[in-house]
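Q: Shown below is the structure under consideration.
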Amino acid sequence: MKRIWILAGLAAALLGGCATSPTGRSQLMLVSDAQMNQMGLAAFSQLKQQGKFADAPRERAYAACVADALIRVLPAPYDRQEWDVQIVKDGSANAFALPGGRIGVNEGMFKVATDQDQLAAVLGHELSHVVARHSAERFSDRMAAQAGIAALTVYGASRGNDAGRTMALLGVGAEVGLLLPWSRAQESEADVLGQRYMAAAGFDPRKAVTLWQNMQKNAGSGGVPAFLSTHPAPGNRIRTLSEQAPKLMPVYERARAAGNAPRCSP
């Protein structure tokens, strides 16, 4: 009887937590935006306390200029949110945006994103993770996976199965079969949304292709297989962005004609 109540409770939670992303993809949401904002702000504050942010006013002003242009074209409430941009003391090519209105750009990113349009591709991608509520989705997926593993372990134990072995097998299945594929979907979705936002903000959407070509060169050869990666394979990513860029050129041209012509310089 206990296992029935556990499984029923899990099913009710999953059914009650359904949402839809900006591209129409179904999502599981078991945490609120307010909770995610709190976590995002706490994480950013911790980075600051640890001295991770660089004293780089020129780079920070440049990144903020690009971010501000993108933020103006985000859907509500993100376009009205107060955002803080910081430069992270890290030589790797990376950036992030957190729920709660926080953006970090690694020092190493400026060596790969060599102009404002390429940097807009980076920040548009990262802001899209926030708009699409990917952090909450990932957190919810993990909650559901852990709850499902626990419920099925109880069920397996009632059938005489070894609980430790069941947990180990289900743990691998949850990681490969649920969490990583969703994460790849989130990355692909952020690519699509980010390219749309950069075009609407007056940044050349073709430069998203250039950026990822630069990233691929920077990464060099090797890497994990696409199936076990949390990111789309570089070739697939570049191909998708290349196909979308011509379709977004009219959006970009209208934005420029309407006066959305960012002039951000490092």
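Derivation of every value follows stated rules applied to the coordinates shown; laboratory data play no part. Since this is a predicted model, take the numbers as computed values, not measurements.
Q: For the stretch 102-115, take each phi angle, set θ = phi - 60°, evaluate the Karplus expression 6.51 cos²θ - 1.76 cosθ + 1.60, and give the result in whole Hz per residue in order, putting x for glycine and proline.
A: 10, 10, x, 10, 5, 4, x, 5, 5, 7, 9, 8, 8, 8
Q: Further, regarding this structure: Using θ = phi - 60° and the Karplus curve 6.51 cos²θ - 1.76 cosθ + 1.60, what whole-Hz ³J(HN,Hα) does each residue of the stretch 81-98 get, with Gly and Pro shown as x?
A: Along the stretch 81-98, the couplings run 6, 7, 10, 10, 10, 10, 9, 9, 6, 7, x, 7, 7, 7, 7, 7, 10, 10 Hz.
Q: Scan around ASP84 for amide H atoms under 5 Å from its own, H built in the peptide plane at 1.01 Å from N, and keep only partners 5 or more places away or cross-chain.
A: For ASP84, whose amide H was placed from the backbone, the distant partners under 5 Å are ARG102, ILE103.
Q: Per-residue HN-Hα couplings for the stretch 240-246, Karplus 6.51 cos²θ - 1.76 cosθ + 1.60 at θ = phi - 60°, whole Hz, x for Gly and Pro?
A: Each residue's phi maps through the Karplus curve to give 5, 5, 5, 5, 7, 4, x Hz.
Q: Checking the table LYS89/LYS217; LYS111/LYS207; LYS207/LYS247; LYS48/LYS89 against a 18 Å threshold on Cα-Cα, which pairs fail?
A: Working: LYS89/LYS217 22 Å; LYS111/LYS207 15 Å; LYS207/LYS247 14 Å; LYS48/LYS89 11 Å.
Going by Cα-Cα distance, LYS89/LYS217 fall outside the 18 Å limit.
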